[in-house]
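Trainee: Structure in structure tokens, see below.
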Amino acid sequence: GGNNAGHTVVVDGKEYDFHLFPSGIINPKAISFIGNGVVIHLPGLFEEAEKNEKKGLKDWEKRLIISDRAHIVFDFHQAVDGLQEVQRQAQEGKNIGTTKKGIGPTYSSKAARTGLRICDLLSDFDEFSSRFKNLAQQYKSMFPTLEIDIEGQLKKLKGYAEKIRPMVRDGVYFMYEALHGSPKKILVEGANAALLDIDFGTYPFVTSSNCTVGGVCTGLGVPPQHVGDVYGVVKAYTTRVGIGAFPTEQINEIGDLLQSRGHEWGVTTGRKRRCGWLDLVILKYAHMINGFTALALTKLDILDVLDEIKIGVAYKLGGKRIPYFPANQEILQKVEVEYETMPGWKTDTTGARKWEDLPPKAQNYIRCVENHVGVPVKWVGVGKSRESMIQLF
């Protein structure tokens, strides 16, 4: 993805919002790398840097490496994203609910082989300029109302080229050296969620990139044999931002409670996230694709006040259980969810630091998730801070 996704990271009581920056940028000992699968909006990158510098982020440019094969998001891609959403609304009566950050149009350019990459920006600027002008013209002919200040944008891009030049490397060679050099811990951070994956998500209400584990290989140039543990991060309930089918959604006081207690609004757009009961059909489906070795179950504390808690364990179509997650949106809208109901623990869990500190009913809830999915829960989150992560093994 690009700066459409956002991760909120809380360290030492400071809250950072990251979009293009890898979350590890805060760690002065870590090298952060933006891979070729990411689409980069350069003004967005520097805007993010500035915001986080104000929060105390230092020397990020010494720790950040950018792949020369990453595609560039241009301002006109962002403008087109907005225009396409307006068009969809007018023609179909509904849009996709994109973040209007130009992500879809940039991946479209990439797939159409008219995109421009970081390596092009840093090579012959005259050649880059003429390809940029061609791409801009293509969009202008498709969207007659689109206004593009071509010379102004090129001037800015030339400035960004010099700012990022020291950070740019051949990403494939960089990753090869990292994997084969002195032993290191390498953590890959994916953005968005499995159900927003372009291939496996609730199409067309998805993002334009692969946010499943395959993105590690294609998005970084890492051979599959190097992928070790795969951690699935899942909330103790289910949320979705934007439109699209959501079988366990609770459009009632339960949904409102999860929304307000969980502070469920998007980091990028500020939109309210839709909330519902934990959907194990989705979690099992994500496991089929990603092959999780362990799960991190977060935001358990949000459920602390509930009298009873439901878990969606199966989908039914025409009264029959189905073992798969339907691809078609119309069918997905029709499924009936089969729930298991458990008593709530009605206890504040935010102070829990080890498994024994959790109420037995909360322990049962976690064990129920493990049993259904067949994957162990390695971490349980009961708050925002690092200390609020209970590690089970």
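Trainee: When both residues are 6+ apart or on different chains and their Cβ atoms are under 6 Å apart, which pairs have a first residue that lies in the range 103-115 and is hydrophobic (A, V, I, L, M, F, W, C), and a second that is open to solvent by less than 60 Å² (accessible area, probe 1.4 Å) and modelled with pLDDT under 95?
Mentor: Ile103/Gly2; Ile103/Asn4; Ile103/Ser208
Trainee: Follow-up question, since we're still on this one. On the basis of being buried (at least 18 other Cβ atoms within 10 Å of the Cβ) and under 28 Å from the mean Cα position of the chain (by Cα), does Gln84 make the cut?
Mentor: So Gln84 passes the test.
Trainee: Looking at Thr98, is it within 27 Å of Ile34 (Cα to Cα), of a type in the set (Ser, Thr, Tyr) and surrounded by fewer than 18 Cβ atoms within 10 Å (Cβ to Cβ)?
Mentor: In short, no.
Trainee: Restricting to the range 281-317, what's the tally of residues that are in contact with a helix residue (DSSP H, G or I) (Cβ under 8 Å, 6 or more places away or on another chain), closer than 10 Å to Tyr237 by Cα and not in a strand (DSSP E or B)?
Mentor: Of the residues in the range 281-317, 3 are in contact with a helix residue (DSSP H, G or I) (Cβ under 8 Å, 6 or more places away or on another chain), closer than 10 Å to Tyr237 by Cα and not in a strand (DSSP E or B).
Trainee: Please specify each residue of the range 248-267 satisfying the condition of being open to solvent by less than 30 Å² (accessible area, probe 1.4 Å) and over 20 Å from Gly383 (Cβ atoms).
Mentor: Thr248, Gly255, Gly266
Trainee: Condition first: of a type in the set (D, E, K, R) and within 26 Å of Glu61 (Cα to Cα). Can you find one or more residues in the range 121-130 that meet it?
Mentor: yes
Trainee: Determine if the range 35-48 includes at least one residue that is surrounded by fewer than 22 Cβ atoms within 10 Å (Cβ to Cβ) and free of Cβ contacts under 8 Å to residues at least 40 places away in the same chain.
Mentor: Among the residues of the range 35-48, at least one is surrounded by fewer than 22 Cβ atoms within 10 Å (Cβ to Cβ) and free of Cβ contacts under 8 Å to residues at least 40 places away in the same chain, which makes the answer yes.
Trainee: Between Asn210, Asn192, which is in contact (Cβ under 8 Å) with a residue 60 or more places away in the chain, under 30 Å from Thr349 (Cα atoms) and open to solvent by 50 Å² or more (accessible area, probe 1.4 Å)?
Mentor: Selected residue: Asn192, the only one of Asn210, Asn192 that is in contact (Cβ under 8 Å) with a residue 60 or more places away in the chain, under 30 Å from Thr349 (Cα atoms) and open to solvent by 50 Å² or more (accessible area, probe 1.4 Å).
Trainee: When only residues in the range 1-16 that are more than 13 Å from the chain's Cα centre (by Cα) and open to solvent by less than 70 Å² (accessible area, probe 1.4 Å) count, which is modelled with the highest pLDDT?
Mentor: Of everything passing the filter in the range 1-16, Tyr16 is modelled with the highest pLDDT.
Trainee: Let me ask something else about it. If the Cβ limit is 7 Å and pairs must be 6+ apart or interchain, which residue in the range 309-329 that is in contact (Cβ under 8 Å) with a residue 12 or more places away in the chain pairs with which residue that is in a helix (DSSP H, G or I) and open to solvent by 80 Å² or more (accessible area, probe 1.4 Å)?
Mentor: Leu317/Lys334
Trainee: For Ile164, which of the numbered conditions (1) in contact with a Leu (Cβ under 8 Å, 6 or more places away or on another chain); (2) at pLDDT below 95; (3) of a type outside the set (Ser, Thr, Tyr) fails to hold?
Mentor: (2)
Trainee: Just to be sure I understand, how many residues within the range 327-378 are under 30 Å from Pro204 (Cβ atoms) and not hydrophobic (A, V, I, L, M, F, W, C)? Step through it out loud before you land on a result.
Mentor: First, pick out the residues of the range 327-378 that are under 30 Å from Pro204 (Cβ atoms): 327-339, 369, 372-373, 375.
Now restrict to residues that are not hydrophobic (A, V, I, L, M, F, W, C): 328-330, 333-334, 336, 338-339, 372.
Counting residues in the range 327-378 that are under 30 Å from Pro204 (Cβ atoms) and not hydrophobic (A, V, I, L, M, F, W, C) gives 9.
Listed here are the residues, each with its yes/no results for (1) of a type in the set (Val, Ile, Thr); (2) assigned by the TED database to the domain that holds Glu177; (3) under 18 Å from the mean Cα position of the chain (by Cα).
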residue: Pro204; (1), (2), (3): no, no, yes
residue: Ser209; (1), (2), (3): no, no, yes
residue: Gly214; (1), (2), (3): no, no, yes
residue: Thr218; (1), (2), (3): yes, no, yes
residue: Val222; (1), (2), (3): yes, no, no
residue: Ala236; (1), (2), (3): no, no, yes
residue: Thr239; (1), (2), (3): yes, no, yes
residue: Thr248; (1), (2), (3): yes, no, no
residue: Asn252; (1), (2), (3): no, no, no
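Trainee: Among the candidates Ala296, Ala362, Ala314, which residue alone is closer than 21 Å to Gly255 by Cα, in contact with a Lys or Arg (Cβ under 7 Å, 6 or more places away or on another chain) and either in the same structural domain as Ser260 (by the TED database) or surrounded by 13 or more Cβ atoms within 10 Å (Cβ to Cβ) (or both)?
Mentor: Selected residue: Ala314, the only one of Ala296, Ala362, Ala314 that is closer than 21 Å to Gly255 by Cα, in contact with a Lys or Arg (Cβ under 7 Å, 6 or more places away or on another chain) and either in the same structural domain as Ser260 (by the TED database) or surrounded by 13 or more Cβ atoms within 10 Å (Cβ to Cβ) (or both).
Trainee: Quick one: in the range 259-280, which of the residues that are part of a loop (DSSP other than H, G, I, E, B) and either of a type in the set (Ser, Thr, Tyr) or assigned by the TED database to the domain that holds Gly97 (or both) is farthest from Gly6 (Cα to Cα)?
Mentor: Checked the range 259-280; the qualifying residue farthest from Gly6 (Cα to Cα) is Thr269.
Trainee: Could you list, ordered by first residue, the pairs with Cβ atoms under 9 Å in which the first is in the range 128-154 and open to solvent by 80 Å² or more (accessible area, probe 1.4 Å) and the second is of a type in the set (D, E, K, R), at least 6 apart or interchain?
Mentor: Hits for this filter: Arg131/Asp120; Glu147/Lys140; Asp149/Asp75.
Trainee: Here's something else I'd like to know. Can you list residue pairs whose Cβ atoms sit under 9 Å apart, with the first residue in the range 355-371 being farther than 13 Å from Trp345 by Cβ and the second being of a type in the set (Val, Ile, Thr) and assigned to a helix (DSSP H, G or I)? Count only pairs 6 or more apart in sequence or on different chains.
Mentor: Partner pairs satisfying both residue conditions: Trp355/Ile366.
Trainee: Testing Gln91 on (1) of a type in the set (S, T, N, Q); (2) out of contact with any strand residue (DSSP E or B) (no Cβ under 9 Å at 6 or more places or on another chain); (3) buried (at least 18 other Cβ atoms within 10 Å of the Cβ), one condition comes back false. Which one is that?
Mentor: For Gln91, the failing item is (3).
The values are calculated or read from the model by the stated rules, or taken from the named source; none is laboratory data. Bear in mind the structure is a predicted one, so any value in this text is a computation, not a measurement. Positions of Cβ are generated from backbone atoms using ideal geometry, with glycine treated the same way; all protein chains shown enter the neighbour counts. Each accessible area value is taken on the protein alone, full model and side chains, heavy atoms only, with ligands, DNA and RNA left out. Shrake-Rupley method; radii C 1.70, N 1.55, O 1.52, S 1.80 Å.
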